[in-house]
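Everything below concerns the one structure shown next.
The values are calculated or read from the model by the stated rules, or taken from the named source; none is laboratory data. All values reported here derive from a predicted model rather than from experimental measurement. A quick note on method: Cβ atoms are made from the backbone with ideal geometry, for glycine too, and the neighbour counts reach across all protein chains shown. These accessible areas exclude ligands, DNA and RNA; they are computed on the full protein's heavy atoms, side chains included. Shrake-Rupley method; radii C 1.70, N 1.55, O 1.52, S 1.80 Å.
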Amino acid sequence: MRLLNEFRFIRPETTAQAVTALAGSTDTRVLCGGTDLLPNLRRGLVSPGALVDVSRLESLQQISWEDDRLTLGAAITLEELANEPRLNRHFPALVKAILSVAGPSHRAAASLGGNLCQDTRCIFYNQSDWWRRSNDYCLKFRGKLCHVMPKGDRCYATYHGDIAPVLMALGAQIDIIGPGGSRRLPLDGLYQENGSHHLSLEPGELVSTIILPRDVQWHSGYEKVRVRDAIDFPLAGVAAALRREGDTLAQLRLVVTGTNSIPIRVDLSQLEGGPWSDEAAEEMAKAIRKAVNVLKTTVTGPKYRRRVVMAMAKRLVSQLWQQAA
Ligand SMILES: Cc1cc2nc3c(=O)[nH]c(=O)nc-3n(C[C@H](O)[C@H](O)[C@H](O)COP(=O)(O)OP(=O)(O)OC[C@H]3O[C@@H](n4cnc5c(N)ncnc54)[C@H](O)[C@@H]3O)c2cc1C
């Protein structure tokens with residue numbers, strides 16, 4: 001069976017041309033660094049009629065520092081971001097997450113926008129064609145059944161991106177451009193809890209910029225656990241940002257990756273206004289357990305991943321609490 005279909009390769013010179021090319025047909029896909037899309041293409045998981053390469057668009061390469069915000073173009077590579085000294089100074093948690101993505105050669109090509117928009121993953125999906133065929137495929141691709149949740153009504157493939165949780169904890173927004181113009185929304189709004197349709201992008205749309213508020217009162221961090229430390233997706237990752245006022249936890253944001261079809265934000269507003277304590281940590285763990293939906297989508301068991309998330313979150317928030325003193 002032929003897995004790699006013929007497709008057209010389009011390299012637009014402006015974002016307007018890119019949008020026109022994307023809007024022209026529903027089977028046209030954005031290509032940036034290709035580190036996520038090309039392996040899927042070669043495995044026959046996607047068969048687009050055309051690829052629109054946005055990696056060289058100048059407007060998607062800009063970095064702009066203003067007093068109250070940092071604006072990043074979606075096509076900037078992770079390597080470039082990690083080497084930006086001011087980013088390390090002002091957003092160390094973001095740089096930590098960036099440096100934990102894959103390996104150095106991936107990061108030289110991989111883009112920020114591609115990282116946010118990367119596909120969801122599952123042991124029944126990221127396999128060779130003959131393996132998937134022998135299982136009658138799965139709900140995410142060509143099949144009728146989700147093998148992870150056979151009685152479920154949707155695909156449960158998991159989002160494993162490292163960068164989105166940190167950006168969400170920092171309160172990032174994104175600009176999306178498309179045939180209808182441009183719109184700005186909180187990064188949370190990019191994601192929807194369905195493993196086969198986890199992005200809210202409309203046909204012809206692409207992420208153009210990421211906007212980060214610059215607020216020195218927040219302390220943030222990222223922790224990730226993976227099977228192979230040198231290069232691997234997170235089997236679970238936790239990003240946190242907090243504001244401390246004296247002995248009071250004024251605000252706490254926590255976002256988990258590697259458990260749901262989206263980077264999942266855990267509501268911890270009940271802890272705000274009190275001190276950070278062992279009791280607060282237990283209450284946070286309970287809220288995490290309730291929010292995350294860890295299933296058998298990776299080789300590492302759900303029970304272990306759930307416990308890892310809760311342990312990482314407790315450790316990370318305790319560290320940030322100390323740091324903020
Ligand atoms: C061995 C290996 C290990 C990896 N480890 C990690 C890891 O540890 N952590 C992690 O987060 N990722 C990991 N990845 C996934 C991937 O390398 C990164 O997520 C990378 O940042 C993707 O960026 P890219 O530019 O290469 O995206 P591409 O492959 O070009 O695109 C990825 C997806 O996003 C879409 N897309 C790209 N740009 C845009 C845009 N501007 N607007 C809308 N849609 C867009 C594409 O259509 C495609 O569907 C790994 C990949 C491999 C192969």
Using a 1.4 Å probe over the heavy atoms of the protein chains, calculate the carbon and sulfur portion of the accessible area of the chain as a whole percent.
49
To the nearest 20 debye, the range 1-52 has a Cα-centred charge dipole, built from +1 on Lys and Arg Cβ and -1 on Asp and Glu Cβ, of 180
Counting each DSSP H run of 4 or more residues in the chain as -39500 (n - 2.57), what helix-only mean residue ellipticity at 222 nm follows after dividing by all residues, to the nearest 500 deg cm²/dmol?
-8000 deg cm²/dmol
Cα-based Rg/(2.2 N^0.38 Å) for the range 105-152, rounded to two decimals, is 1.46
Put a dot 7 Å past each Cα toward the Cβ at Val299 and Arg86; how far apart are the dots in nm?
4.3
When the Kirkwood hydrodynamic radius is evaluated over all pairs of different C-alpha atoms of the chain, what value in angstrom, to one decimal, is obtained?
20.4
For the range 197-322, dividing by residue count, accessible area per residue (probe 1.4 Å) in Å² works out to 45
Under 20 Å from the Cα of Lys144 - aspartates and glutamates, other chains or at least 8 residues apart:
Asp119, Asp129, Asp136, Asp153, Glu193
For the pairs Lys151/Lys290; Lys96/Lys151; Lys140/Lys290, flag any whose C-alpha to C-alpha distance is greater than 31 Å.
Lys96/Lys151
For Leu235, other-chain or 5+-apart residues with amide H closer than 5 Å (H placed, Pro excluded) are Val225, Arg226, Val227
Tell me, how many Å apart are the Cα centres for the range 111-166 and for the range 185-203?
15
Ignoring ligands and nucleic acids, Trp218 exposes an accessible area, probe 1.4 Å, in Å² to the nearest 10, of 40
Loop sites in the range 44-84: GluC sites (Glu not before Pro), DSSP, at most 14 other Cβ within 10 Å
Glu66
Which whole-number value in Å² is the accessible area per residue of the range 1-52, probe 1.4 Å?
59
